[in-house]
Amino acid sequence: MEVLIFPDSQSLASKSADLVESQIKTFPDSVIGLATGSTPLGLYEELIKRHGEHDLSFAGVKTFNLDEYVGIPSNHAQSYQTFMDENLFSKIDIQPSNTQVPDGMAENPLEVGPAYEKMIADAGGIDLQVLGVGTDGHIGFNEPTSSLSSITRVKTLTQQTIEDNSRFFGPEEFQPKLAITMGIKTILDARRIILLAHGENKAEAIRDMVEGPLCAMCPASALQLHPRTTILIDEAAASQLKLRGYYKFVGEMQDDLERKHRPSDWVSR
Ligand code: F6R
């Protein structure tokens with residue numbers, strides 16, 4: 001895993017946007033996997049800005065979101081479809097028919113997973129997957145003890161995830177306890193992965209993911225198996241990493257190498 005540590009969330013958002021931008025500019029028909037939640041908001045703001053200022057077009061891009069709650073309609077204020085519409089899709093030139101979010105209101109939610117996998121395969125697979133991480137180490141909604149070879153399916157959320165996300169729901173409001181999520185295998189099949197995290201509340205999950213054993217108790221540790229994953233974190237999220245100094249040193253060496261041997265091989269396909 002490549003670990004990049006940033007002094008603040010703005011520089012983290014800007015670097016992650018550089019990576020997404022170079023992917024899309026090199027392959028305008030890229031297939032991008034997207035996450036919701038607080039973490040990618042800075043990245044999405046930056047992409048919207050670059051769409052306006054840098055000629056960054058999403059017209060040929062296809063997207064697949066990681067997950068969606070089961071039991072709330074797509075136009076519900078807290079659905080992940082609404083989140084994506086409000087925070088990204090409505091502000092860029094992406095074609096709505098090229099954006100996919102799992103259907104949390106399907107009559108039979110058990111059928112959504114296999115159909116979603118087929119859509120991803122038909123699109124040629126995911127070139128670049130954007131991830132956040134839960135305080136319990138989940139990626140997508142693959143909660144602790146999820147199979148490391150799981151595919152898209154219905155998952156029951158843990159009490160911790162329900163509590164973490166309760167801030168978005170009113171006290172009397174129905175809060176979903178189930179979600180449809182890409183599986184860990186689905187995520188690992190992406191050609192390139194970036195995982196973003198900031199804040200001290202993510203420090204333990206980041207430590208377990210990067211330096212802990214490969215273990216279903218920390219689903220994000222499965223990323224240790226992926227050949228091209230970059231972790232972009234701020235100092236607070238990096239605070240429990242033992243080899244923090246080493247990752248910074250690796251970053252400096254990489255920068256030197258890139259300066260010497262451009263173009264970098266960053267983009268995938
Ligand atoms: C969201 C998702 C989740 C979040 C994670 C972190 O689509 O898949 O894994 O990335 O729960 O959430 P935030 O960013 O709100 O801390």
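The values are calculated or read from the model by the stated rules, or taken from the named source; none is laboratory data. Computed from a prediction, not measured in an experiment: that's the story for all the values here. Cβ sites come from the backbone with ideal geometry, for glycine too, and all protein chains shown count toward neighbours. The protein model used for the area step is the full one, side chains on, heavy atoms only, and it has no ligands, DNA or RNA in it. Shrake-Rupley method; radii C 1.70, N 1.55, O 1.52, S 1.80 Å.
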With +1 on the Cβ of every Lys and Arg and -1 on the Cβ of every Asp and Glu, the dipole magnitude of the stretch 141-221 about its Cα centre, in debye rounded to the nearest 20, is 420 debye
Read phi for every residue in the stretch 27-41 and hand back ³J(HN,Hα) as whole Hz from Karplus 6.51 cos²θ - 1.76 cosθ + 1.60, θ = phi - 60°, with x for Gly and Pro. 10, x, 9, 4, 10, 10, x, 10, 10, 10, x, 6, 4, x, 4
Given a 1.4 Å probe, the accessible area of the stretch 185-227 per residue, as a whole number of Å², is 40 Å²
Relative contact order of the stretch 117-269, pairs being alpha-carbon contacts under 8 Å that are 6 or more residues apart, as %: 28 percent
Semi-axes, largest first, in whole Å: what does sqrt of 5 times each Cα gyration tensor eigenvalue give for the chain? 27, 23, 18
Relative contact order in percent for the stretch 109-162 (Cα pairs under 8 Å, 6+ apart) equals 42 percent
Shape verdict for the stretch 113-210, please, from the Cα gyration tensor: rounded (a/c under 1.5), prolate (a/b greater than b/c) or oblate. oblate
I'd like to compare 15-24, 172-181, 59-68: which one has the highest average count of other Cβ atoms within 10 Å, and what's the full order after that? 59-68, 15-24, 172-181
Selection from PRO28, SER90, SER11 lying farthest towards where the dipole of the chain points positive, charges on Cβ: PRO28
Under the rule of at least 5 residues apart or a separate chain, name every residue whose amide H is placed under 5 Å from the amide H of ALA236. GLY199
List the residues whose amide H sits under 5 Å from the amide H of ILE126, counting only those 5 or more places along or on another chain, with H placed 1.01 Å from N in the peptide plane. ARG191
In sequence order, what are the phi-derived ³J(HN,Hα) couplings for the stretch 175-191 according to the Karplus relation 6.51 cos²θ - 1.76 cosθ + 1.60 with θ = phi - 60°, rounded to whole Hz, with x for glycine and proline? 10, x, 10, 10, 9, 9, 9, 3, x, 5, 5, 4, 5, 5, 6, 5, 6
Pairs of Cα atoms under 8 Å, at least six residues apart: use those to get the relative contact order of the chain, whole percent. 25 percent
Charge dipole (debye, nearest 20) of the chain; +1 at Cβ of Lys and Arg, -1 at Cβ of Asp and Glu: 680 debye
Given the whole protein assembly as supplied and a 1.4 Å probe, what does the accessible area of GLU86 come to in Å², nearest 10? 110 Å²
So, in Å, what gap is there between the alpha-carbon centers of the stretch 8-46 and the stretch 49-91? 12 Å
For the chain, give the percent of accessible area contributed by carbon and sulfur heavy atoms, probe 1.4 Å, rounded to a whole number. 53 percent
Can you say what percent of the DSSP beta bridges in the chain, counting only those with both residues inside, are antiparallel? Round to 5. 30 percent
